[in-house]
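Student: Supplied in structure tokens, the structure appears directly below.
Just so you know, all these numbers are worked out from the coordinates, no wet-lab data involved. Being a predicted model, the structure only gives us computed values, none of them experimental. Virtual Cβ from ideal backbone geometry, glycine too; neighbours counted across all protein chains shown.
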């Protein structure tokens with residue numbers, strides 16, 4: 001009973017203090033998370049935990065992945081050039097102001113589809129867009145503390161966002177881990193690697209098509225989306241005001 | 001056969017839950033909360049729930065968004081109370 005009361009008291013104290021308690025908790029969590037990640041990287045680099053057979057299999061899989069990623073990069077680059085040209089025509093800003101921030105926590109630990117970045121204070125505000133280096137929007141800043149900020153992934157479980165695929169409107173529903181699902185009209189020609197953009201983020205890309213599934217009995221097709229790079233492979237993100 | 005002291009198991013499960021809070025997966029923390037609650041009046045289960053919400057929830061309040069892990073830990077601890085009393089030895 002005492003422990004329960006204490007926990008509720010801490011929650012109330014955090015609400016009353018405007019988030020001071022969670023700010024301190026996140027600061028400690030980011031430091032400890034960094035130690036742990038550095039330790040695991042050190043152990044992994046020795047190859048202690050890997051057998052020769054598993055290393056060979058991993059090597060083969062990575063070569064295939066490199067080839068696939070090269071193809072997707074070429075496709076994304078072509079679309080980016082077209083998009084940049086359209087922005088100029090519409091007199092949109094070509095350069096997006098913002099700052100670069102490191103990801104300082106695990107991106108898979110949160111049950112709410114959030115992660116921490118190492119910037120805060122007056123540099124950013126809640127509602128700012130968080131993007132990859134390639135310009136894909138991965139989330140929005142939801143809570144800012146003194147030196148850290150919490151980012152809510154747009155593909156978080158339970159989240160949904162209006163988007164556009166090949167000019168057609170779709171409603172994208174987040175599945176977590178940088179993955180999402182949408183239903184598109186069955187007669188829309190959708191291919192793996194097609195880029196999905198979001199009007200609410202200034203027509204910026206939010207993901208690419210990873211797989212398409214349809215049945216003859218259905219009036220729609222299931223489109224499975226994901227980020228071009230896994231969030232866990234990203235070290236830095238770009239934070240920009242959402243009205244750019 | 002070597003039997004692990006119950007306290008060691010409790011500490012191990014709590015640490016596994018803490019690992020889940022910081023590095024994931026989140027269901028590891030949830031499982032630790034349930035296991036601890038089933039066997040003990042574990043204050044650390046409440047702490048794990050609170051840590052999860054303070055670290056990862058966009059804004060902490062009692063109502064919006066709902067701190068599921070904290071409230072869930074409280075619910076699980078108290079829901080298991082009759083079972084702990086009737087079938088298990090308390091420690």
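Student: Decide, for the stretch A:183-244, between rounded, prolate and oblate: order the square roots of the alpha carbon gyration tensor eigenvalues as a ≥ b ≥ c, take rounded if a/c falls under 1.5, and otherwise choose prolate if a/b is larger than b/c, else oblate.
Tutor: Oblate, since a/c reaches 1.5 and b/c is not below a/b.
Student: Let me ask another. Based on the Cβ-Cβ distance from residue A:203 to residue A:100, what FRET efficiency comes out when R0 is 22 Å, to the nearest 0.05?
Tutor: Rounded to the nearest 0.05, the efficiency is 0.50.
Student: Additional query: Mean separation of Cα pairs under 8 Å and 6+ residues apart, divided by the residue count of chain A: what relative contact order is that in percent? Can you show the working numbers first?
Tutor: Working: 417 pairs, mean separation 41.8, N = 244.
RCO, chain A: 17 percent.
Student: While we're looking at this one, here's another question. Could you list, bin by bin from short to long, the percent of Cα-Cα pairs of the stretch B:6-87 in 10 Å steps?
Tutor: Reading the bins upward from 0: 21, 50, 25, 5.
Student: How far, in nm, would the chain grow between residue A:41 and residue A:183 when pulled straight, counting 0.36 nm per residue and subtracting the alpha carbon separation?
Tutor: Full-extension gain reported as 47.2 nm.
Student: Now for a separate question. Do you know the relative contact order of the stretch B:6-87, to the nearest whole percent, from alpha carbon pairs under 8 angstrom that are 6+ apart?
Tutor: It comes to 27 percent, rounded to a whole number.
Student: Within 10 Å of each Cβ in A:138-146, how many Cβ atoms from other chains are there, averaged over the peptide?
Tutor: 1
Student: Oh, and also: In whole Å, what three semi-axes, largest first, describe the equivalent ellipsoid of the stretch A:109-244 built from its Cα gyration tensor (square root of 5 times each eigenvalue)?
Tutor: The three semi-axes for the stretch A:109-244 are 29, 14, 12 Å.
Student: On alpha carbon coordinates alone, what is the Rg over Rh value for chain A, Rh being the Kirkwood radius?
Tutor: Here Rg/Rh amounts to 1.02.
Student: Within 10 Å, count the other beta carbons around each residue, average over each peptide in B:38-48, A:170-180, and list them highest first.
Tutor: So the peptides B:38-48, A:170-180, ranked by packing, come out B:38-48, A:170-180.
Student: Given the C-alpha atoms of the stretch A:104-189, compute the convex hull and give its volume per residue in Å³.
Tutor: 103 Å³
Student: Ranking request for peptides B:77-85, A:133-141: highest mean number of other beta-carbon atoms within 10 Å first, then the rest in descending order.
Tutor: Answer by packing, highest mean first, reads A:133-141, B:77-85.
Student: Can I ask one more? Roughly how tilted is helix A:2-16, in degrees to the nearest 10 and between 0 and 90, from the longest Cα axis of chain A?
Tutor: 70 degrees
Student: If one takes the longest principal axis of the Cα atoms in chain A, at what angle in degrees, from 0 to 90 and to the nearest 10, does the Cα axis of helix A:52-89 lie?
Tutor: 70 degrees
Student: For peptide A:184-191, what's the mean number of Cβ atoms from other chains within 10 Å of each residue's Cβ? Numbers along the way, then the final one.
Tutor: Details: counts 0, 0, 0, 0, 0, 0, 0, 0.
Mean inter-chain Cβ contacts per residue within 10 Å come to 0.
Student: Here is a follow-up. For a quick protection proxy, order the peptides A:6-19, A:23-36, A:153-166 by their average other-Cβ count within 10 Å, most packed first.
Tutor: By packing density, highest mean first, the sequence is A:153-166, A:23-36, A:6-19.
Student: So what's the stretch A:2-41 giving for Rg/Rh, alpha carbon basis, Kirkwood Rh from the mean inverse pair distance?
Tutor: Using only Cα positions, Rg/Rh for the stretch A:2-41 is 1.20.
Student: R0 = 30 Å: FRET efficiency of residue A:192 with residue A:235, Cβ-based, nearest 0.05?
Tutor: Calculated value: 0.70.
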